[in-house]
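I have placed the structure first, in the form of structure tokens, so that the comments after it can refer back to it.
The values are calculated or read from the model by the stated rules, or taken from the named source; none is laboratory data. It should be emphasised that the depicted structure is a prediction, and the values quoted were computed from it without experimental measurement. Here Cβ is always computed from backbone atoms with ideal geometry, including for glycine, and neighbour counts include all displayed protein chains.
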Amino acid sequence: MIRRDDVPAGLASSRASALLQGGRRLAAAAVLALGFAGVAHAAIDAYTFKDDAERARYAELTRELRCPKCQNQDIADSNAPIAADLRKEIYRMLGEGQSNQQIIDFMVDRYGEFVRYKPELNAHTWLLWFGPAGLLLGGAVLIGVIVVRRRRSGRDDADVLSEEERQRLAHLLDKNRE
């Protein structure tokens, strides 16, 4: 058994220093790994554009369209192969000089209205646009009706006493006076 007194002072401090340095290295590696984790998942496309306006249109379109596979990401952020294909298709169509509306119409024709984050207001999507407001309004009306009914029933029940209840109440009040 080795006692503390048997270990030279220099050896103990070098062990502590080595442990401390190893801990620092491990912490630095963890910080770097976490820092690069977000970068590793980003969708990176190396497209060249004529000008900044075309680059801005590309960015706007890829943010406006939803990935058909991921369903909760736009195609700009998605790593799915279908999203990469859609980004490539948008780039091609921009190069052909098509307008934003033509590109969106093409995508909607091919993948359905679901591909848009903000679908147009039409006969098929009116419930999507006005449904939440209708549910909120209906809930407010329902709560209002419930509150009004409870107030009315509370007043009616409190004002009406049967003859037997009145006699009993009078008897109890007389007992308390004595």
Legend entry - Extreme residue, surrounded by the most Cβ atoms within 10 Å (Cβ to Cβ), among residues of region 101-129 that are more than 18 Å from PRO68 (Cα to Cα) and at pLDDT 90 or above: GLN102
Inset, instruction - Inspect all residues belonging to region 45-66 and state whether any of them is of a type in the set (A, V, I, L, M, F, W, C), in the same structural domain as ASN100 (by TED's automatic domain parsing) and farther than 18 Å from GLN98 by Cα. - result: no
Legend entry - Checking ASP109 against (1) more than 23 Å from ALA59 (Cβ to Cβ); (2) part of a helix (DSSP H, G or I), the condition it does not meet: (1)
Inset, instruction - Could you grab the pairs with beta carbons closer than 9 Å, sequence gap of 6+ or different chains, first residue in region 87-114 and on the phi > 0 side of the Ramachandran plot, second one in a loop (DSSP other than H, G, I, E, B)? - result: GLY112/PRO68
Inset, instruction - Among the residues of region 31-75, write down those that are of a type in the set (Ser, Thr, Tyr) and modelled with pLDDT under 70. - result: none
Legend entry - Qualifying residue in region 13-30 (condition: at pLDDT 80 or above, out of contact with any Phe, Trp or Tyr (no Cβ under 7 Å at 6 or more places or on another chain) and within 22 Å of VAL108 (Cβ to Cβ)): no
Inset, instruction - May I ask you to say which residue of ASP85, ASP77 is closer than 21 Å to GLU54 by Cα and not in a loop (DSSP other than H, G, I, E, B)? - result: ASP85
